[in-house]
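The values are calculated or read from the model by the stated rules, or taken from the named source; none is laboratory data. It should be emphasised that the depicted structure is a prediction, and the values quoted were computed from it without experimental measurement. Every residue, glycine as well, gets a Cβ built from its backbone with ideal geometry; the counts of neighbours run over all protein chains shown. With ligands, DNA and RNA removed, areas are computed over all heavy atoms of the protein, side chains included. Shrake-Rupley method; radii C 1.70, N 1.55, O 1.52, S 1.80 Å.
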Amino acid sequence: MQLTQEQYKIIHSTGNIKINAVAGSGKTTTIIEYAKTRPVGSRILYLAFNRSVKTDAIRKFAERGLKNATVETAHSLAHKYVVRNSSYKVRSQEYKTYELVEILGLKGTGDRLSEYIIANHILKFVAYFCNSDKCKVQELNYLDTVYDSQSRAFVKLHYRYIEKKTWDLLKKMDQAEIEISHDFYLKKFQLSNPQLPYDYILFDEGQDASVAMLDIFIKQASVKVIVGDTHQQIYGWRYAVNSLEKVDYQTYYLSKSFRFSQDIADLAMCVLGWKGYVSENIDEKVLKIEGVGTSKEIKNKAVLARTNLGLLLKAIEYVTEKKTIQHIYFEGNINSYTYADDGTSLYDVLNLYNHKHYLIKDKLIRTMHDIDDLVDYIKKTEDVQLGMMVEVVKEYGNDIPDIIKTIKEKHVGNEEKEKAEMIFSTIHRCKGMEYDAVQIVNDFMREEELKNIKIDKNTNDLRQSKLLEEINLLYVAVTRTRNSIYIPRTLIPSDFSGSAQVHPLRVKEQENNESDEKTTDSYHNNEIEKSGKSYTLEGVRLIYNDAYRPWTIQLDEELRTMYFEGISIKDMAKHFGRSKGAIRSRIKKLEL
């Protein structure tokens, strides 16, 4: 194969190195070539980020005949050392809050649901400790991870109790009294200070390593290679750290992307430029991307969102507007979009909203009097997923069961993914994926918001890290495309000059300055009435700026392209400044 100069330098390097690789730069190919050139008989360990990457890497190493390479994830490696031949039983899913109340005998403090709120914080404290490099729970301050004022006030009041019960839960796991979590056995592996029998350790996706994983890696006597993209760190909520910035190894770069063209690279670089609003400690070299992709085909299309809520709303809009669509696909388990991590169902939240307690299956939700109780619980636990479920329920109410049923009926399995006329995914679930055409949902942080945030750019605090990660999420979204991208105008950087592959989507603004993801024709009608123009030509033009502009050949071609790339009628209406009825009429006229 033809190697770039950057790849050549990496492959022929010596000693410990780190590789900062932009999206689509062929980092896995580079790592395999690196492994291939090591001395005969070298024992090589490749650490993959997750199971799917591991499976893909095993196949690629086998294709190159590299029988001396072992492929593991950090967790599969730890499992062999800690769980195998032990009395431990591993829990398949996270403990639920009501289970912890029973296991630990948690007592309430007089406040409604206080024992469940405490249990929620204990689960998070355990995860924080297990992903750290500390030896004792007391060496960490859990309050450092709590941001909401109400939640912080609650934790401060009950901190000693939460800390003690966190230790009690870990002790029960350690003594095999209860099932252990995946985080727990990785932590136990880290605390054992293992020395692994390998000459070379290649650590992929290093930007999303936890501190515990990084601690295991850097303590090895092997030659170490860590590779990743510093701008793709998006797992801070799982206590990941940007390991590329934590290790003092010789730095190499892969700045050429084979996935997309320079137009997309320019957009990505402009998004990364937003980091200047947050920090002054940005390496200019890692802002440079050269796009050399030449793909022109559109075989698969995807809608990408920051949140489950944003994605679900867009999917609902899609299946209700496009009745003829037969096949859609959700990255990851489709049920995960209607269930929170702790197992709470969207249907349970709906039943609570409707005061139908007898239909609620989740024990925690069943203890709540009404939706206000749930909202109060969310405020004191910062449970974002439950908060999103409440918003979906308030928006769609009793239409939810039929809507979800329609979505699931149209959903195809993994083996039929290529049949999907549209793929839906959050950014966390499409990590490492690529699509021919991408539409981005308007639920990401905007440049205007970053400009208005007051922060000391010289500090490296948790708030700054969270803001940098928000920028990373949009960067990951932008760099999933091989060809074209449809992006709300509100998300386009002010210094981006535009291109033929980047299609801006118009977005209406509501009075509270939040993005109008819920815009409908009725909303426009209300605006006309508020303006006092009634249903006059001037009134319609006030809202639909281009309502009576003639359709040209160029506009028809643009409409045709957007239609076949799966853009919704609502988004096309915003884009062309016309009503949804006008868009449907033109689609019919063009016989699409």
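Listed here are the residues, each with its yes/no results for (1) surrounded by fewer than 19 Cβ atoms within 10 Å (Cβ to Cβ); (2) within 20 Å of MET422 (Cβ to Cβ); (3) modelled with pLDDT under 50; (4) hydroxyl-bearing (Ser, Thr, Tyr).
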| residue | (1), (2), (3), (4) |
| --- | --- |
| TYR548 | yes, no, yes, yes |
| GLN554 | yes, no, no, no |
| ARG560 | yes, yes, no, no |
| PHE564 | yes, yes, no, no |
Only one of these conditions is not met by VAL90: (1) touching a Ser or Thr at 6+ places or on another chain (Cβ under 8 Å); (2) within 17 Å of ASP183 (Cα to Cα); (3) buried (at least 21 other Cβ atoms within 10 Å of the Cβ). Which number is it? (3)
Going by the structure shown, is HIS79 more than 21 Å from GLN207 (Cβ to Cβ) and within 30 Å of the chain's Cα centre (by Cα)? yes
Look at GLU449 and say whether it is over 25 Å from LYS124 (Cα atoms), more than 22 Å from the chain's Cα centre (by Cα) and open to solvent by 30 Å² or more (accessible area, probe 1.4 Å). no
Go through region 471-482 and count every residue that is open to solvent by less than 10 Å² (accessible area, probe 1.4 Å) and part of a strand (DSSP E or B). 1
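Residue check: is SER222 closer than 30 Å to LEU186 by Cα and polar (S, T, N, Q)? Outline the logic, then answer.
Details: closer than 30 Å to LEU186 by Cα: yes; polar (S, T, N, Q): yes.
Considered against the rule, which asks whether it is closer than 30 Å to LEU186 by Cα and polar (S, T, N, Q), SER222 comes out as yes.
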Just for strands (runs of 3 or more DSSP E) wholly inside region 180-291: which have at least 2 residues that are in contact (Cβ under 8 Å) with a residue 40 or more places away in the chain and aromatic (Phe, Trp, Tyr)? 200-203, 250-254
Just give me the residues in region 136-170 being in a helix (DSSP H, G or I) and of a type in the set (Val, Ile, Thr), in sequence order. VAL137, THR145, VAL155, ILE162, THR166
Under 9 Å by Cβ, and 6 or more places apart or on different chains, what pairs join a residue from region 46-71 that is closer than 19 Å to HIS428 by Cα and polar (S, T, N, Q) with one that is open to solvent by less than 40 Å² (accessible area, probe 1.4 Å) and not in a helix (DSSP H, G or I)? ASN50/THR73; ASN50/GLU205; ASN50/LYS431; THR55/ALA48; THR55/VAL71
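Step by step: first the residues of region 275-291, then only those that are among the aliphatic types (A, V, I, L, M) and open to solvent by less than 20 Å² (accessible area, probe 1.4 Å), then the one that is modelled with the lowest pLDDT. Which residue is that?
Going residue by residue through region 275-291, those that are among the aliphatic types (A, V, I, L, M) are 278, 282, 286-287, 289.
Right, trim to open to solvent by less than 20 Å² (accessible area, probe 1.4 Å) and you get 278, 286, 289.
Details: VAL278: 88, VAL286: 72, ILE289: 94.
Filtering first and then ranking leaves VAL286.
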So the check is Cβ under 6 Å with 6+ separation or different chains; which pairs have a first residue in region 142-163 that's modelled with pLDDT of 90 or more and surrounded by 15 or more Cβ atoms within 10 Å (Cβ to Cβ) and a second one that's of a type in the set (Asp, Glu) and outside any loop (DSSP other than H, G, I, E, B)? none
Within region 292-320, which residues are open to solvent by 40 Å² or more (accessible area, probe 1.4 Å) and either in a strand (DSSP E or B) or among the acidic types (Asp, Glu) (or both)? VAL292, GLU297
Residue check for LEU202: modelled with pLDDT under 95, over 21 Å from SER92 (Cα atoms) and open to solvent by less than 20 Å² (accessible area, probe 1.4 Å): no
Considering residues of region 419-437 that are farther than 17 Å from GLY332 by Cβ and not basic (Lys, Arg) only, the residue surrounded by the most Cβ atoms within 10 Å (Cβ to Cβ): ALA437
List every residue pair whose Cβ atoms lie under 6 Å apart, where the two residues are 6 or more positions apart in sequence or sit on different chains, the first residue falls within region 86-106 and is without any contact (Cβ under 8 Å) to a residue 40 or more places away in the chain, and the second residue, located anywhere, is of a type in the set (Asp, Glu) and surrounded by 14 or more Cβ atoms within 10 Å (Cβ to Cβ). VAL101/GLU115
Considering every residue within region 372-383, establish whether at least one is open to solvent by 10 Å² or more (accessible area, probe 1.4 Å), assigned to a helix (DSSP H, G or I) and among the aliphatic types (A, V, I, L, M). yes
Output the residue which, of all residues in region 231-258 that are open to solvent by less than 10 Å² (accessible area, probe 1.4 Å) and polar (S, T, N, Q), is farthest from SER465 (Cα to Cα). SER257
For GLU102: the one exception among (1) among the acidic types (Asp, Glu); (2) surrounded by 13 or more Cβ atoms within 10 Å (Cβ to Cβ); (3) out of contact with any strand residue (DSSP E or B) (no Cβ under 7 Å at 6 or more places or on another chain): (2)
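Please tell me if GLY26 is in contact (Cβ under 8 Å) with a residue 12 or more places away in the chain, open to solvent by less than 30 Å² (accessible area, probe 1.4 Å) and out of contact with any His (no Cβ under 8 Å at 6 or more places or on another chain).
On the way: in contact (Cβ under 8 Å) with a residue 12 or more places away in the chain: yes; open to solvent by less than 30 Å² (accessible area, probe 1.4 Å): yes; out of contact with any His (no Cβ under 8 Å at 6 or more places or on another chain): yes.
Judged against the criteria, GLY26 is a match.
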Consider only pairs whose beta carbons are under 8 Å apart and that are at least six residues apart or on different chains; among these, list those whose first residue lies in region 313-342 and is free of Cβ contacts under 8 Å to residues at least 12 places away in the same chain and whose second residue is of a type in the set (Gly, Ala, Ser) and open to solvent by less than 20 Å² (accessible area, probe 1.4 Å). TYR339/SER345
Tally time: how many residues in region 325-355 are on the phi > 0 side of the Ramachandran plot and either open to solvent by 30 Å² or more (accessible area, probe 1.4 Å) or among the hydrophobic types (A, V, I, L, M, F, W, C) (or both)? 2
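Can you say whether ILE485 is more than 17 Å from PHE330 (Cβ to Cβ), in a helix (DSSP H, G or I) and at pLDDT 90 or above, as far as the supplied structure shows?
Numbers: more than 17 Å from PHE330 (Cβ to Cβ): yes; in a helix (DSSP H, G or I): no; at pLDDT 90 or above: yes.
In short, no.
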